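Below: the structure, in structure tokens.
Read the figures in this text as sums done on the coordinates, not as results from a lab. Keep in mind it's a predicted model, so treat the numbers as computed, not measured. Cβ: placed from backbone, ideal geometry, glycine included. Neighbour counts: every protein chain shown.
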Amino acid sequence: MMDDEILEALVDAKVESKLRELLAPFVALLAGDNSASDWVNADEACKRLGYPSTKVLYENISSGLLRLGKEVRDRRSPGRKKPRYQFHVPSCEKRLNTDPSKRRGV
């Protein structure tokens, strides 16, 4: 009997934790936090960062200047081969403004 109660409490805690994780971006948007909109597609990132074209952004990913999992995330649909990158503008700006001798890889 006691084991069932403990198991139920653990499951409830896990469900609540996962629900909070999933709802956090929406709650932040409703509260007026713009951090969710800091992730933008390549076209918008070009405008915000002052790049002439998306090709230059993709070259910066290939060269390692902008890093997947840090400043860039891949939001492609399952089963797709072509990446659909999103860029975190504040992180990109910070990385681009860092002295090149002090930049480290992933």
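Each part reduced to its alpha carbon centroid, region 39-58 and region 83-105 end up 12 Å apart. Among Glu59, Glu5, the order by Cβ neighbours within 10 angstrom, fewest to most, reads Glu5, Glu59.
Ignoring everything except DSSP H segments at least 4 long, calculate the 222 nm mean residue ellipticity for the chain; use -39,500 (n - 2.57) per segment, divide by total residues, nearest 500.
Numbers: 4 runs with 56 residues, N = 106.
Using -39500 (n - 2.57) per qualifying helix, the result is -17000 deg cm²/dmol.
Considering only Arg76, Arg48, Arg67, the Gaussian network model of the chain with Cα springs below 10 Å gives its largest mean-square fluctuation to Arg76. Helices that extend 24 Å or more along their long axis by alpha-carbon positions and average at least -0.5 on the Kyte-Doolittle scale are, among the DSSP H runs of the chain, 2-30.
With q set to 0.17, 0.18, 0.21, 0.23 Å⁻¹, the log10 of I(q)/I(0) for the chain, from the Debye formula over equal scatterers at the Cα positions, is -0.88, -0.95, -1.12, -1.23. Using alpha-carbon pairs under 8 Å, 6+ residues apart, how would you state the relative contact order of the chain in percent? This gives 22 percent for the chain.
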